[in-house]
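Enquirer: Starting off with a structure, shown below.
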Amino acid sequence: VPLASSCSGPGGSRYCHLNTADAACAALLPGVDWSPGYLPGRQVPAPSGTAQAMPGDRVFKVGRTTGLTWGVVDCIGVVMGPMRYEPGLCWFKSLITVRGEGGAAFAEGGDSGAALLRHDGAVLGLVFA
């Protein structure tokens, strides 16, 4: 779904289009072997199904920049913006905010695309922006 950056309205009123995702999809070619999981030594459950995030859920992600980090879901249904993207400033809705354990950042630049997983491996969302 293309991102929309519209933030305008008639007579000076303001309406911002609220995007629901910043993600891409990939398909595996037939005959390519794969299995969900992480590099040896991560000691975390492989992704298994999906679930709705709830405040207080203990979560983790494995990102390119920060590797394995743990946190707790703070809020769900959050609206955030503006964030700078190719089409301009964009707003997003239905986001999940996560507080990193021990005061550390849960994710940083370069972690985008990492799956957000509940402690039992259920996928709750994706890290972006």
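The values are calculated or read from the model by the stated rules, or taken from the named source; none is laboratory data. Note that the structure is predicted; figures quoted are calculated from it, not measured. Heads up, the Cβs are rebuilt from the backbone with ideal geometry, glycines too, and the neighbour counts pull from every protein chain shown. What goes into the accessible areas is simple: the full protein's heavy atoms, side chains included, and nothing from ligands, DNA or RNA. Shrake-Rupley method; radii C 1.70, N 1.55, O 1.52, S 1.80 Å.
Enquirer: Between Val79, Val62, Val98, which is under 15 Å from the mean Cα position of the chain (by Cα) and at pLDDT 95 or above?
Expert: Answer to the check: Val98.
Enquirer: Related question: Would you say Ala105 is assigned to a loop (DSSP other than H, G, I, E, B) and on the phi > 0 side of the Ramachandran plot?
Expert: So Ala105 fails the test.
Enquirer: Can you pull out the residues in region 4-37 that are assigned to a loop (DSSP other than H, G, I, E, B), over 27 Å from Phe60 (Cβ atoms), open to solvent by less than 70 Å² (accessible area, probe 1.4 Å) and at pLDDT 80 or above?
Expert: Ala4, Ser5, His17
Enquirer: Suppose we filter Met80, Met54 for residues that are within 23 Å of Ala105 (Cβ to Cβ), open to solvent by 70 Å² or more (accessible area, probe 1.4 Å), of a type outside the set (D, E, K, R) and not in a loop (DSSP other than H, G, I, E, B); which single one remains?
Expert: Met80
Enquirer: In region 83-93, is there at least one residue being open to solvent by less than 80 Å² (accessible area, probe 1.4 Å) and under 13 Å from the mean Cα position of the chain (by Cα)?
Expert: yes
Enquirer: Filter region 67-77 down to the residues that are touching a helix residue (DSSP H, G or I) at 6+ places or on another chain (Cβ under 9 Å) and open to solvent by less than 30 Å² (accessible area, probe 1.4 Å) and list them by number.
Expert: Within region 67-77, Thr69, Gly71 meet the criteria.
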